[in-house]
Amino acid sequence: MIRRSGDRSTQRIAQEAAKLIAVDGIADLHRAKLKAVERLGLSRTCTLPDNLTVEEALRSYQRIFQGIKQPDSLKAKREAAVMALRFFSAFEPLLVGSVLAGTADQRSPIELHLFCDSIEELDWFLEEKGIAAEMGSRAVYRDDAYASRFPSFSFLANGDGVEVTVFPLVHRRQAPFDRVTRQPMLRAQIEAVLKLL
């Protein structure tokens, strides 16, 4: 059920944004909301739904319009995530994102948090395994306003996109801030992911 936050146009934006995420594969919630405003022909000054409202609308859309396909895609992604967690076991991996939350589809990347004090250690590991990864950085929020950038790697594994963010070991017990729920980010070890299967 969609959270009743705001007026009718806010709900329409949330529903249209959810459709854009599910059908067009727009991963960025803010971008999906802005595109929804444009598609609905609403004023750019209108009130946007919060991220949690959009995520709830996405779950509703998936239940109604992707009731058979999405659960199968999610299961396949979670199985691939288990393999990724095993692969990166030396880096104390945790699963995060839509695969863990249950909103992933066939286009969703497998998102992991890895932990090591030397980024070169992970770089060498990937090189040794023959994985051509693109290195970058990702903004991670410590609270609602303050973000820090951490190294990241992106690559394909058996057709699945994998995105890893690398944190120093001291961050293992400090979950980043989830801007959707406004709570510490949901993260899971391999045992918890296996239970979801």
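In the stretch 38-49 there is at least one residue matching the filter, namely being more than 20 Å from the chain's Cα centre (by Cα) and either among the acidic types (Asp, Glu) or under 14 Å from Val180 (Cβ atoms) (or both). Mind listing just one residue for me: the one in the stretch 88-119 that is assigned to a helix (DSSP H, G or I) and of a type outside the set (S, T, N, Q) and, of those, farthest from Ala27 (Cα to Cα)? Only one residue fits best here, namely Ala90.
Could you tell me whether Leu85 is assigned to a strand (DSSP E or B), in contact (Cβ under 8 Å) with a residue 24 or more places away in the chain, closer than 28 Å to Leu194 by Cα and assigned by TED's automatic domain parsing to the domain that holds Gly130? So Leu85 does not fit the description; no.
Looking at Asp24, Asp28, just one residue is more than 30 Å from Phe115 (Cα to Cα) and among the acidic types (Asp, Glu), and that residue is Asp24.
The set of residues in the stretch 128-152 being hydrophobic (A, V, I, L, M, F, W, C) and surrounded by 11 or more Cβ atoms within 10 Å (Cβ to Cβ) consists of Ile131, Ala133, Met135, Ala139, Val140, Ala147, Phe150.
Checked against the criterion of being touching an Asp or Glu at 6+ places or on another chain (Cβ under 9 Å) and surrounded by 14 or more Cβ atoms within 10 Å (Cβ to Cβ), the candidates Phe155, Phe167, Phe125 yield just one match: Phe155. Contact map, the stretch 122-145: residues that are outside the structural domain of Arg172 (by TED's automatic domain parsing) paired with residues that are assigned to a strand (DSSP E or B), Cβ distance under 6 Å, separation 6+ or inter-chain. No pairs are found.
Determine, yes or no, whether Val54 is free of Cβ contacts under 8 Å to residues at least 40 places away in the same chain and not hydroxyl-bearing (Ser, Thr, Tyr). Here the answer is no, as Val54 does not meet what is asked. Condition test on Leu196, is it modelled with pLDDT under 95 and within 30 Å of Ala57 (Cα to Cα)? Yes; evaluated as a whole, the condition is true for this residue.
One line per residue, one yes/no per condition, for (1) at positive phi; (2) part of a loop (DSSP other than H, G, I, E, B); (3) buried (at least 18 other Cβ atoms within 10 Å of the Cβ):
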residue: Val37; (1), (2), (3): no, no, yes
residue: Thr45; (1), (2), (3): no, yes, no
residue: Leu48; (1), (2), (3): no, yes, yes
residue: Val54; (1), (2), (3): no, no, yes
residue: Gln62; (1), (2), (3): no, no, yes
residue: Gln70; (1), (2), (3): no, no, yes
residue: Leu74; (1), (2), (3): no, no, yes
residue: Lys77; (1), (2), (3): no, no, yes
residue: Ala81; (1), (2), (3): no, no, yes
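Just give me the residues in the stretch 110-122 being crowded, with 16+ Cβ neighbours inside 10 Å, touching a helix residue (DSSP H, G or I) at 6+ places or on another chain (Cβ under 8 Å) and not aliphatic (A, V, I, L, M), in sequence order. The answer is Glu111, Phe115, Cys116. There is no residue in the stretch 118-132 that is at pLDDT below 90 and either under 20 Å from Glu92 (Cα atoms) or within 16 Å of the chain's Cα centre (by Cα) (or both). I'd like to know if the stretch 3-17 contains one or more residues that are under 29 Å from Ser152 (Cα atoms), charged (D, E, K, R) and surrounded by 14 or more Cβ atoms within 10 Å (Cβ to Cβ). No, every residue in the stretch 3-17 fails to be under 29 Å from Ser152 (Cα atoms), charged (D, E, K, R) and surrounded by 14 or more Cβ atoms within 10 Å (Cβ to Cβ).
The values are calculated or read from the model by the stated rules, or taken from the named source; none is laboratory data. None of the values given here were measured: they were computed from a predicted structure. Using ideal geometry, Cβ is built from the backbone for each residue, glycine included, and neighbour counts are taken over all protein chains shown.
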